[in-house]
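Only the coordinates and a few stated rules stand behind these numbers; no lab work does. This one's a predicted model, so the numbers in the text were calculated from it and none came from an experiment. Positions of Cβ are generated from backbone atoms using ideal geometry, with glycine treated the same way; all protein chains shown enter the neighbour counts.
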Amino acid sequence: MNIKEWLKEGEQQELFTIQDIADHGCQNGVSGLIYYRETEKFHDDHEQEIWDLVQQLAEDSGQSIMKYIGNISKAGSLSQLLNDLVWLAVEVRARDILDEREAA
């Protein structure tokens, strides 16, 4: 299951709304992405997709991946970094879904 599918399933189960994630981000609490153990597991389950997305975002902004990560995360631990990357990926994919819905 990719991140978009995870989001759609969570919305269908009424755990959250994709609109809320796109509008307000994950910091307000997204079921399944609140605790570091949850975001670390999510990262492990979606590692390739997350890193491909971060690489693409870095390239699109004209930055190296390390510079980009340094700009989006001030993490003091690996757990915090993974949390930041997971939240970024989920928020980007939530906006992607809304864009697809508007285009349909």
Residue check, ILE50 more than 11 Å from the chain's Cα centre (by Cα) and either under 14 Å from ALA89 (Cβ atoms) or not small (Gly, Ala, Ser) (or both): no
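Residue-wise test of (1) of a type in the set (A, V, I, L, M); (2) over 19 Å from LYS8 (Cβ atoms); (3) surrounded by fewer than 14 Cβ atoms within 10 Å (Cβ to Cβ); (4) touching a Gly at 6+ places or on another chain (Cβ under 9 Å).
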residue	(1), (2), (3), (4)
VAL54	yes, yes, no, no
ILE69	yes, yes, no, no
ASP84	no, yes, no, no
TRP87	no, no, no, yes
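Is it the case that segment 28-38 has a residue that's within 22 Å of ASP99 (Cβ to Cβ) and without any contact (Cβ under 8 Å) to a residue 24 or more places away in the chain?
yes
Any residue at all in segment 72-94 that's basic (Lys, Arg) and in contact with a Phe, Trp or Tyr (Cβ under 9 Å, 6 or more places away or on another chain)?
Residues of segment 72-94 that are basic (Lys, Arg), as a first pass: 74, 93.
Cutting the leftovers down to in contact with a Phe, Trp or Tyr (Cβ under 9 Å, 6 or more places away or on another chain) gives us 93.
Within segment 72-94, one or more residues are basic (Lys, Arg) and in contact with a Phe, Trp or Tyr (Cβ under 9 Å, 6 or more places away or on another chain).
For every residue, the table says whether it meets (1) loosely packed, with under 12 Cβ neighbours inside 10 Å; (2) over 24 Å from MET1 (Cβ atoms).
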| residue | (1), (2) |
| --- | --- |
| ALA22 | no, no |
| GLN27 | yes, no |
| ILE34 | no, no |
| GLU38 | no, no |
| ILE50 | no, no |
| GLU59 | no, yes |
| GLN63 | no, yes |
| MET66 | yes, yes |
| ILE72 | no, yes |
